[in-house]
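Report on the structure given below.
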Amino acid sequence: MQISPSILSADFGHLEQEINMVNESRATMVHLDVMDGVFVPNISFGFPVIKTVAKYSTKPLDVHLMIVNPQNYISQVRDSGAAIMNIHQEACTHLHRTVQAIKAAGMKAAVTLNPSTPVLMLEDIITDLDMALIMSVNPGFGGQAFIPNAVNKVRQLRELITRSGSKALIQVDGGVNLSTGKLLAEAGADVLVAGNSVFNSGNPINAISELSDL
Ligand code: DX5
Ligand code: ZN
């Protein structure tokens with residue numbers, strides 16, 4: 001299982017050390033949650049923090065944009081050091097155009113679905129995607145409880161990917177720990193995002209390792 005630790009739960013006073021921990025761990029990417037206070041009821045961080053993480057990280061940056069009009073920020077996201085630009089289906093009217101523009105800018109393209117958005121909304125874009133993200137909490141905050149229906153959605157997405165011949169990875173974000181992660185692994189997830197269960201554990205390197213073994 002690939003693990004993408006969410007630095008939303010990291011200690012921002014010691015960001016360099018937190019990124020060094022991720023570098024030394026079995027994580028395959030690092031997850032950055034950008035929130036605008038419009039698409040979600042919270043504000044997190046923006047380009048200066050992404051650039052700082054890029055400076056210290058040896059792992060690819062997986063940037064999850066919980067913002068309206070993500071199509072307006074493609075070059076800034078790329079120039080900040082993102083390897084994957086992840087946008088919400090609900091935030092983007094012209095999703096196909098924006099996905100092509102993300103790839104033309106040299107990044108991998110990922111699309112995220114909120115808990116209430118059905119998997120079928122990806123049906124006509126799935127073959128263009130490098131990754132699809134199923135939210136297993138309502139986006140906006142770390143440390144929330146896992147919504148069990150996400151497991152069904154992972155199964156449906158796995159079926160869509162197989163049927164369409166898409167190479168997209170399945171990522172899941174929100175409330176991931178060893179027990180919810182096991183259900184997601186069985187359902188066909190490829191990448192788990194984990195914030196609270198990594199950074200607020202006594203031993204983050206070990207927490208990442210245990211999740212990687214799922
Ligand atoms: C939620 C964010 C998540 C969050 C996950 O809006 O997209 O990435 O950091 O945190 P945990 O793992 O604590 O639910
Ligand atoms: Zn996220």
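The values are calculated or read from the model by the stated rules, or taken from the named source; none is laboratory data. If you're wondering where the values come from, they're calculated on a predicted model, not measured in any experiment. Glycine also receives a Cβ, built like all others from the backbone with ideal geometry; neighbour counts cover every protein chain displayed. The protein model used for the area step is the full one, side chains on, heavy atoms only, and it has no ligands, DNA or RNA in it. Shrake-Rupley method; radii C 1.70, N 1.55, O 1.52, S 1.80 Å.
In table form, for the structure just shown:
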read-out	value
Flag if residue 120 is open to solvent by less than 50 Å² (accessible area, probe 1.4 Å) and not polar (S, T, N, Q)	no
Segment 155-214: number of residues that are part of a loop (DSSP other than H, G, I, E, B), within 16 Å of ligand 1 (Cβ to nearest atom) and of a type in the set (A, V, I, L, M, F, W, C)	3
Checking residue 135 against (1) surrounded by fewer than 16 Cβ atoms within 10 Å (Cβ to Cβ); (2) touching a Pro at 6+ places or on another chain (Cβ under 7 Å), the condition it does not meet	(1)
Residue match in segment 46-56 (condition: over 14 Å from residue 87 (Cβ atoms), touching a residue at least 40 places away in the same chain (Cβ under 8 Å) and within 16 Å of ligand 2 (Cβ to nearest atom))	yes
Unmet criterion (only one of (1) assigned to a helix (DSSP H, G or I); (2) out of contact with any helix residue (DSSP H, G or I) (no Cβ under 9 Å at 6 or more places or on another chain); (3) among the aliphatic types (A, V, I, L, M)) for residue 145	(1)
Residue in segment 176-186 that is nearest to the chain's Cα centre (by Cα), counting only those that are open to solvent by less than 50 Å² (accessible area, probe 1.4 Å) and among the aliphatic types (A, V, I, L, M)	176
Leading residue by the ranking (farthest from ligand 2 (Cβ to nearest atom)) among those in segment 162-175 that are open to solvent by less than 10 Å² (accessible area, probe 1.4 Å) and in contact with a helix residue (DSSP H, G or I) (Cβ under 7 Å, 6 or more places away or on another chain)	168
Any chance residue 183 is more than 13 Å from ligand 2 (Cβ to nearest atom) and out of contact with any strand residue (DSSP E or B) (no Cβ under 9 Å at 6 or more places or on another chain)	yes
Qualifying residue in segment 28-46 (condition: among the hydrophobic types (A, V, I, L, M, F, W, C), in a helix (DSSP H, G or I) and open to solvent by less than 60 Å² (accessible area, probe 1.4 Å))	no
Residue satisfying all of: in segment 109-138; touching a strand residue (DSSP E or B) at 6+ places or on another chain (Cβ under 8 Å) and of a type in the set (Val, Ile, Thr); nearest to ligand 1 (Cβ to nearest atom) among these	137
First in segment 145-174 and in contact (Cβ under 8 Å) with a residue 60 or more places away in the chain, second anywhere and more than 16 Å from ligand 1 (Cβ to nearest atom) and open to solvent by 50 Å² or more (accessible area, probe 1.4 Å), Cβ under 9 Å, 6 or more apart	169/130
Residues of segment 83-106 classified as open to solvent by 10 Å² or more (accessible area, probe 1.4 Å) and closer than 18 Å to residue 54 by Cβ, total	4
